[in-house]
Amino acid sequence: MSSPAEPLLSVRDLHTSFPIHSALLRRKVGEVHAVSGVSFDLPAGRTLGLVGESGSGKTTLARTVIGLERPRSGQVLFDGRDLVTLSGRRRGAKAAELRRIRRQIQMIFQDPYASLNPRLTVRQIISEAWMINPGVVPRHRWTAEVNDLLARVGLNPDHADRYPHQFSGGQRQRIGIARALALRPRLVICDEAVSALDVSVQAQVLNLLVDLQADLGLSYLFIAHDLSVVRHISNQVAVMYLGKLVETGTTDQIFTAPVHPYTQALLSAVPVTRPWAAPPRQQIILTGDIPSPVSPPSGCRFRTRCWKAQPRCASEEPVLAHRLGDHPSACHFPELPAQPQPAAVGAR
Ligand SMILES: Nc1ncnc2c1ncn2[C@@H]1O[C@H](COP(=O)(O)OP(=O)(O)OP(=O)(O)O)[C@@H](O)[C@H]1O
Ligand SMILES: [Mg+2]
């Protein structure tokens with residue numbers, strides 16, 4: 001068991017890429033470098049928010065952590081065990097150990113409707129996890145356990161024999177959470193888990209996640225486009241751009257003293273809830289799309305869209321290190337924001 005001091009999840013120099021094959025010759029003609037050397041630690045019972053534009057590699061990173069993608073290199077250490085090395089085994093004690101560990105990492109997806117089998121009742125959806133993973137909950141406990149789980153996520157246990165289409169979007173996401181909790185995970189990866197919900201429903205589901213964390217000691221890797229949501233739920237934040245982390249720190253460090261131009265641009269797009277109370281701030285509009293991860297720019301990957309880029313940025317890759325302020329960033333010319341960052345926009 002990991003103590004609060006050591007991370008529950010440690011990702012070390014992780015690279016995940018997808019081969020591109022020519023349609024004609026079935027030859028490999030290139031690679032999509034979706035995750036290119038990512039490292040971070042997630043302590044037990046804490047939440048790491050992962051942010052970045054569409055296509056920056058957040059989902060690929062999450063899928064690699066849970067073993068749905070195999071990395072080209074790097075380590076995924078869960079409780080000190082490297083899941084990448086273990087995953088080579090199909091049988092025997094190592095494979096059994098991997099199954100036991102994998103059960104402790106569950107994922108909640110953006111679209112609960114697509115991830116819930118429409119032909120199964122809620123009871124069957126939740127019990128399925130126990131059928132596939134025998135030994136977690138004995139069969140005679142299933143009914144009671146389904147009722148407990150539904151109550152825990154704020155659903156009426158009397159509705160256990162209904163089908164997913166009989167629930168609202170927010171309720172379906174609660175079913176997704178109950179299903180994830182069925183295997184008693186220690187780490188839950190939420191990939192845009194509240195993005196498709198209305199703002200008020202979003203806040204209720206977020207509050208449920210916070211309460212579950214307090215009750216069950218869960219750790220979350222929380223992926224979201226919406227920075228105000230990330231701010232509300234995370235203890236730490238990692239900012240991802242084109243397969244790499246460009247800045248990491250505590251939520252406060254990232255939101256009040258971001259030093260990487262990309263983080264500053266992302267934050268400047270966060271709407272201010274009480275504009276009359278907040279000081280005026282500069283909007284940074286990022287021009288152009290995120291470059292292709294097939295052939296990322298040389299040096300700093302952000303330089304093609306950066307208003308501060310210098311010749312050095314094209315020739316020398318900035319590594320994630322302590323440069324300015326009290327948290328790591330990957331920019332040759334980090335600078336504190338000229339104006340104060342927006343005040344907290346909490347969902348709670
Ligand atoms: N199975 C795949 N085969 C080939 N390329 C892929 C595959 N999955 C993802 N990619 C590519 O990898 C890059 C990262 O994609 P990913 O889905 O991880 O980004 P993301 O940050 O989750 O984006 P979004 O915010 O839109 O969900 C993209 O360029 C994407 O096109
Ligand atoms: Mg994604």
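The values are calculated or read from the model by the stated rules, or taken from the named source; none is laboratory data. This one's a predicted model, so the numbers in the text were calculated from it and none came from an experiment. Glycine also receives a Cβ, built like all others from the backbone with ideal geometry; neighbour counts cover every protein chain displayed.
Residues checked against (1) of a type in the set (A, V, I, L, M, F, W, C); (2) in contact (Cβ under 8 Å) with a residue 40 or more places away in the chain:
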position: A23; (1), (2): yes, no
position: S36; (1), (2): no, yes
position: G45; (1), (2): no, yes
position: L48; (1), (2): yes, yes
position: V51; (1), (2): yes, yes
position: R81; (1), (2): no, no
position: V84; (1), (2): yes, no
position: A129; (1), (2): yes, yes
Given the condition modelled with pLDDT under 95, polar (S, T, N, Q), away from ligand 2 (no atom under 16 Å from the Cβ) and not in a helix (DSSP H, G or I), answer yes or no: does some residue in segment 71-88 qualify?
yes
Find the residue count for segment 78-95, including only residues that are of a type outside the set (S, T, N, Q) and within 19 Å of L8 (Cα to Cα).
8
How do the pairs read when you match residues in segment 179-198 that are within 19 Å of I132 (Cβ to Cβ) with residues anywhere that are assigned to a loop (DSSP other than H, G, I, E, B) and within 16 Å of ligand 1 (Cβ to nearest atom), using Cβ under 8 Å and keeping only pairs 6 or more apart or on different chains?
I189/I66
Could you tell me whether segment 183-203 includes any residue that is under 25 Å from D326 (Cβ atoms), within 16 Å of ligand 1 (Cβ to nearest atom) and surrounded by 18 or more Cβ atoms within 10 Å (Cβ to Cβ)?
no
Report yes if V51 is within 11 Å of ligand 1 (Cβ to nearest atom) and of a type outside the set (S, T, Y), otherwise no.
yes
Six or more apart or on different chains, Cβ atoms under 9 Å: show the pairs whose first residue is in segment 155-173 and under 18 Å from A203 (Cα atoms) and whose second is surrounded by fewer than 12 Cβ atoms within 10 Å (Cβ to Cβ) and of a type outside the set (A, V, I, L, M, F, W, C).
G170/S200; R172/H165
I'd like to check something: does segment 312-327 contain any residue that is loosely packed, with under 12 Cβ neighbours inside 10 Å, at pLDDT 90 or above and touching a Gly at 6+ places or on another chain (Cβ under 6 Å)?
yes
Taking G30 as the residue in question, decide whether it is of a type outside the set (S, T, N, Q), over 24 Å from S329 (Cβ atoms) and over 18 Å from the mean Cα position of the chain (by Cα).
yes
Taking segment 96-113 and the residues there that are of a type outside the set (F, W, Y), more than 13 Å from R81 (Cα to Cα) and assigned to a helix (DSSP H, G or I), the one that is nearest to ligand 1 (Cβ to nearest atom) would be P112
Going by the structure shown, is P71 free of Cβ contacts under 8 Å to residues at least 60 places away in the same chain, buried (at least 22 other Cβ atoms within 10 Å of the Cβ) and more than 30 Å from Q204 (Cα to Cα)?
yes
